[in-house]
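A short worksheet on the structure shown next.
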Amino acid sequence: MTDTTGRSREQIRRWRAYLADERAEARVYRDLASRRTGADREILLELAEAEGRHEQHWLVLLGESGERPTTTSLRTRLFGLLARRFGFVFVLALLQRAEGRSPYQDDRDATPQMAADERIHEEVVRALAMRGRLRISGTFRAAVFGANDGLVSNLALVLGVGAAGADAALVLVTGIAGLLAGALSMGAGEYVSVSSQRELLAASTPSLQSADALTRIDFDENEVALVFRARGMTEEEAEKAAAEVLREREAPQLPADDVDVETVGTPLGVALSSFAFFASGALVPILPYLFGLSGLLAVAVAAGLVGIALLASGALVGLLSGAPMLLRALRQLLIGYGAAAVTYLLGLLFNAAGI
């Protein structure tokens, strides 16, 4: 059915949905901008302005129909809620996926410029999210690794001991011991690992004393070019680069390698994240035993709870990394259940053999 202007009800419904989403996404960008400063704030406000231009396109097409209240999609309302409640990187990851799924490319009522805008918006949001991902990468890696290790290792331990014939009390004690031992081991291991990594990266950073020495060297006879040659430049390139540095020796600074030590994370922060997340993950498989369950029922409940946690963990990794959430969730689940199944079968074999 069409109105007097030749527009179908389906078109009007679709345009009104686009209008509502453009308005809501602009609000999300402005909301994010209100809590940022500098370049991030300016970029987010410009994205909101671009969404406003798209809004005007749909208002023109709708005419009087655009004056009525519009209903925002559940997805876009969720973005608005998350923007006010959760972290910057988390919301940007969601927005990146949303911009990448824009229907304008295949909608004849949207202009080619609007479709191109959405693609560019995806890349802008991806770049903004990438900065945040780099800032949290060290701690986030430790957190995800710790939680999944706790889930899988303690589930495997609990199932293996239970299948070998141990009673519920012994399974619970074993699970608690596994939680404490694993969490402490994870925390200590991550502390040493990150400390060593930061020390290795710091060793590649030019020292302040070397930069200060530039103010006192002989301009004609110096070894600055050797710094550049040691970094892979040819002799001619090194001489040019050294000359450039020496021309600015009033405020000298040796060229730094493109290394950001902070993206690795702090040793204490990563260690505490590993400890806390391993412990929280390892707690899940023993919850049924803490509440008095035993036998196959406890095994089934433990496996079910761990499965839910693995799916959630995989989906979160997929979201923040920009990868398919369902595939990452299923991958986590299959790997975790595979390891636990092997241990459970070994426990059954030991029980059958009377070991």
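Where a number appears in this text, it was derived from the coordinates with a stated rule and is not lab data. Not measured: the values here are computed from a predicted model. So basically every Cβ, Gly included, is an ideal-geometry build from the backbone, and we count neighbours across all protein chains shown.
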Got a sec? How would 186, 233 order by Cβ neighbour count within 10 Å, fewest to most?
-> 233, 186
Equivalent ellipsoid semi-axes for region 299-350, as square roots of 5 times the alpha carbon gyration tensor eigenvalues: give them largest first, rounded to whole Å.
-> 26, 11, 6
Tell me, Kirkwood radius of region 265-355 from alpha-carbon pair distances, in Å?
-> 15.0
